[in-house]
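Data first, discussion second: the structure below is written as structure tokens.
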Amino acid sequence: MDILIIGSGGREHALAWKIAQSPKAGKLYCAPGNAGIAEFAECVPIGAMEFEKLAAFAKEHQIGLTVVGMDDPLVGGVVDVFEREGLRIFGPRKNAAILEGSKAFSKDLMKKYNIPTAAYENFDDPKAAIEYLEKEASFPIVLKADGLALGKGVLICQDLEEAKAGVREIMEDKHFGEAGNRMVIEEFMTGREVSVLSFADGKTILPMTTAQDHKRAGDGDTGLNTGGMGTFSPSPFYTPEVEEFCRKYIFQATVDAMAAEGRPFQGVIFFGLMLTPKGPRVLEYNARFGDPETQVVLPRMKNDIVEVFEACVDGTLDQITLEFEDNAAVCVVLASGGYPVAYEKGKEIRGLESLKDRDDCMVFHAGTAFKDGKIVTSGGRVLGVTCTGADLKSARAAAYEAVKSIEFEGQYMRSDIGKAIDEC
């Protein structure tokens, strides 16, 4: 069947790469796509938020399945629009995508159903938030914009003055836009972070292999929050004991809670976990594949991904067994100078062809475009260079060797992706 992917980043490139391997896949389309995705799919000039145009395209081209990569269209209700038109689509409906769309909702859900997470309070009024900080908070403390903020709407504040400035930044200055109309003030937790992507069909949940992202722009986890500067998979800190706890008290509990609320979740739930001294806690939920976690998880996945998508849509996920290679993967992100604040676009990217025929290396395009027959930069995060290896250290060495082949003006990267594995 012909398949449409909605999105334009590295995650969608990884999805296109994986979907193209399925015997169930016919022609692939991607709206709007990018220069890398164009290798696998015909890129269609329709924006990810143009739901009616997307649905009309899917009908006209007799698309058998649409796969949504991005958070904005899911939270906006693209799945509901497609289902009303009788079109098959992979992803949660609007009333389930609120799991990511509102941090206040997700925190309240976890409290109601005893899913372990950090202590918190929700605020609609900046004055009330500051009063709470002055009278009841202990530091450091975490401030989160309630809505979608490209993975950047989280501030860790070390003292009262910093926290008060954070409230003004989020709720008054609207640094993260409408996402800051509400805010969560949350207990600061310590421990290892682990990401677990999971397929769900409304009642059954199947966790994929683990990954760990690196959010900060600079080495040593310094600098501003970004959409992610690199990842590795699997996490050596996710032990069988941790997995057993998470499956029982977090993963299945979340799917059951959403079903009980009349919001059955079909699609991918991303669990951002903190392995605290008191046990695993949920840091955040996402309602879709993570970016750049997808770039290290899918290269290790053995299954036909289209078969899994269909099982999620049809409610037959209990008939699927997920399998992953006994190896490791590391992704190093090459970004534009100045990201995540201001950066230039249109810089020619050289050296991509040198990695094209390697089985152990994939270059996933996050922010690229065609210009005058050349591939140029068009975003803050430009490329994700993913390499696999027998173990994490060999995969990391391969990834850092591979990035030497690529260059564009102003590029920068972190040099310590996966450094934590040295401690194992």
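Among the helices (runs of 4 or more DSSP H) confined wholly to segment 22-86, which include 2 or more residues that are farther than 22 Å from Leu383 by Cβ, touching a Phe, Trp or Tyr at 6+ places or on another chain (Cβ under 9 Å) and of a type in the set (A, V, I, L, M, F, W, C)? Answer list for segment 22-86: 51-60, 78-84. Taken over segment 384-407, the criterion of being open to solvent by 10 Å² or more (accessible area, probe 1.4 Å) and either assigned to a helix (DSSP H, G or I) or among the hydrophobic types (A, V, I, L, M, F, W, C) (or both) is satisfied by Ala390, Leu392, Lys393, Ser394, Arg396, Ala397, Ala398, Tyr400, Glu401, Lys404, Ser405.
When you look at Cys30, is it touching a residue at least 12 places away in the same chain (Cβ under 8 Å) and open to solvent by less than 10 Å² (accessible area, probe 1.4 Å), yes or no?
Yes: the conditions hold for Cys30.
No other residue among Lys107, Lys111 is among the charged types (D, E, K, R), part of a helix (DSSP H, G or I), farther than 18 Å from Phe289 by Cβ and open to solvent by 20 Å² or more (accessible area, probe 1.4 Å) apart from Lys111. As a summary of the residue check, Gly86 satisfies the conditions (1) open to solvent by less than 50 Å² (accessible area, probe 1.4 Å); (2) on the phi > 0 side of the Ramachandran plot; (3) without any contact (Cβ under 8 Å) to a residue 60 or more places away in the chain except for the one numbered (1).
Do we have any residue at all in segment 118-126 that's buried (at least 22 other Cβ atoms within 10 Å of the Cβ), in contact with a strand residue (DSSP E or B) (Cβ under 7 Å, 6 or more places away or on another chain) and under 24 Å from Phe51 (Cβ atoms)? Within segment 118-126, not a single residue is buried (at least 22 other Cβ atoms within 10 Å of the Cβ), in contact with a strand residue (DSSP E or B) (Cβ under 7 Å, 6 or more places away or on another chain) and under 24 Å from Phe51 (Cβ atoms). Kindly indicate whether Lys135 is among the charged types (D, E, K, R) and surrounded by fewer than 19 Cβ atoms within 10 Å (Cβ to Cβ). Considered against the rule, which asks whether it is among the charged types (D, E, K, R) and surrounded by fewer than 19 Cβ atoms within 10 Å (Cβ to Cβ), Lys135 comes out as yes.
In this structure, is Arg350 closer than 20 Å to Phe232 by Cα, of a type in the set (D, E, K, R) and touching a residue at least 24 places away in the same chain (Cβ under 8 Å)?
Criteria not met by Arg350.
Residues of segment 272-312 that are more than 23 Å from Val363 (Cα to Cα), open to solvent by less than 20 Å² (accessible area, probe 1.4 Å) and either within 10 Å of the chain's Cα centre (by Cα) or among the charged types (D, E, K, R) (or both): Gly272, Tyr285, Asn286, Ala287. Of the residues Ala48, Ala56, the single one that is free of Cβ contacts under 8 Å to residues at least 24 places away in the same chain, of a type in the set (Gly, Ala, Ser) and more than 30 Å from Pro140 (Cβ to Cβ) is Ala56.
Residue-level analysis places Ile320 outside the set of residues that are open to solvent by less than 10 Å² (accessible area, probe 1.4 Å) and touching a helix residue (DSSP H, G or I) at 6+ places or on another chain (Cβ under 8 Å). Looking only at segment 1-27, residues that are touching a residue at least 24 places away in the same chain (Cβ under 8 Å), of a type in the set (A, V, I, L, M) and open to solvent by 10 Å² or more (accessible area, probe 1.4 Å) come to 2 in all. Just for helices (runs of 4 or more DSSP H) wholly inside segment 153-270: which have at least 1 residues that are open to solvent by 60 Å² or more (accessible area, probe 1.4 Å) and either among the hydrophobic types (A, V, I, L, M, F, W, C) or under 25 Å from Val75 (Cα atoms) (or both)? By residue number, 240-246, 252-260.
The values are calculated or read from the model by the stated rules, or taken from the named source; none is laboratory data. As the structure is a computational prediction, the values presented were derived from the model and not from experiment. FYI the Cβ positions are ideal-geometry reconstructions off the backbone, even for glycines, and counts take in every protein chain you see. When the accessible area is computed, the model is the full protein with side chains, heavy atoms only, and any ligands, DNA or RNA have been set aside. Shrake-Rupley method; radii C 1.70, N 1.55, O 1.52, S 1.80 Å.
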